[in-house]
Amino acid sequence: MTAPSLRQQRPSTTTPRSADAAQRYDHGDGARRRPHRRRRPTTQAGSTAAAARRTAQSLQPDARAAATNDAACSRRHAAATNDASVQPTHPAPPSETFGDVIRADFREAYRNLTMKSVTALHVAASRCRAARFVMKIDTDTFLNAPKLLRYCRGADAVRNMFGYAQVRKPPIRNAAHKWYVSQREFDGDVFPDYLSGTGYVMSGDVPPLLYVASLTTPLLAMEDVYVNGMLAETVGVPRRHHAGFVIDNRFQFRTPKKYVTIHPCTQQQLREAWKRCTGE
């Protein structure tokens, strides 16, 4: 009987694998490969730093130095913003800085434009009593302010309204149309003559008259028809057509010096028209 070899007598220093563990190693092709090690979880900051390092390593040498500087700046910024004494301050909205935005208690919607215009009448009547003229204009309308000012210097500042006149316009009864007016809202066949709401001017004594008339006149969704048509008709203020007010922009924005207002205009057309008009 032979003595067992030293290899046979040496106790095992490894823990026997279970059958499940053996199956995990066995990939079915006769070869046994070690499984991928499960990575230890990292914090968000750690994973972000690791991603930054990998990105820096993949960059060119000069760009890598720039990325390192950016990372250092980010760390300094994070440390600074944790200090309440150096918290960044956010500027106040322009409306709070200049106090030039009026807010009213109704929902912002196209069919509520009349309420917005009536609110503007109230503000003009109560806070702009010294103004010789008041203008209502849409945001997509170009205004040649120098030309308007020259005209106003010689215009009548008493019971005067001017803009692009709409004469004997019938109401639209199609309920799917943007400017639909029901029989209940307006029972007539033709609107009173009015000025296009894209831009019109009134003398300073007119807003108080129109606002008082609005208190007893039922609202109409078409704000220009209501304000300078129905209300102006009620208080007897004439509306005058001015040829410098354009409501169908067909390249007029390219020759803006000829006109007072041009509608409609894109933001790019507004900038181009102003540059052509003033040279700025």
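Using alpha carbon coordinates only, what is the Rg to Rh ratio of the range 210-280, with Rh defined as the Kirkwood radius? For the range 210-280, the value is 1.15.
Along the axis of the charge dipole computed for the range 103-278 (Cβ charges of +1 for Lys and Arg, -1 for Asp and Glu, origin at the Cα centre), the listed residues Pro171, Ser117, Phe133 are led at the positive end by Phe133. Output the pairs from Lys116/Lys258; Lys136/Lys275; Lys116/Lys178; Lys147/Lys169; Lys178/Lys258; Lys147/Lys178 with a Cα-Cα distance over 27 Å in this structure; if there are none, say none. Correct reply: Lys116/Lys258; Lys147/Lys169; Lys178/Lys258; Lys147/Lys178. Taking every DSSP bridge with both residues inside the range 103-278, close to 65 percent are antiparallel.
Rounded, prolate or oblate: pick one for the range 129-266, where a ≥ b ≥ c are the square roots of the eigenvalues of its C-alpha gyration tensor, a/c under 1.5 means rounded, and failing that, prolate if a/b is larger than b/c, else oblate. Note, shape of the range 129-266 comes out oblate. Charge tally for Lys116 (other residues, Cβ to Cβ under 14 Å; Lys, Arg +1; Asp, Glu -1): -1. The simple spin-label model puts a point 7 Å past each Cα toward its Cβ; for Ile172 and Lys116 those points are separated by 1.7 nm. Here the spin labels are modelled as points 7 Å beyond Cα on the Cα-Cβ line, and at Asp100 and Asp189 they lie 4.8 nm apart. If you average the C-alpha positions of the range 133-192 and of the range 261-275 separately, how far apart do those two centres end up, in angstrom? First find each Cα centre; the distance between them is then 20 Å. The modelled label-to-label distance for the pair Glu108/Ile247, using points 7 Å beyond Cα in the direction of Cβ, is 2.5 nm. Straightening the chain between Lys258 and Thr217 buys 11.0 nm, computed as 0.36 nm per residue apart minus the Cα-Cα spacing. In this Cβ point-charge picture (+1 for Lys and Arg, -1 for Asp and Glu), the range 103-278 has a dipole of about 780 debye about its Cα centre.
Rule-based calculations on the coordinates, nothing more; no lab input. Note that this is a predicted model, so its numbers are computed, not measured. Counting neighbours? That spans all protein chains shown, and the Cβs are built from the backbone with ideal geometry, glycine included.
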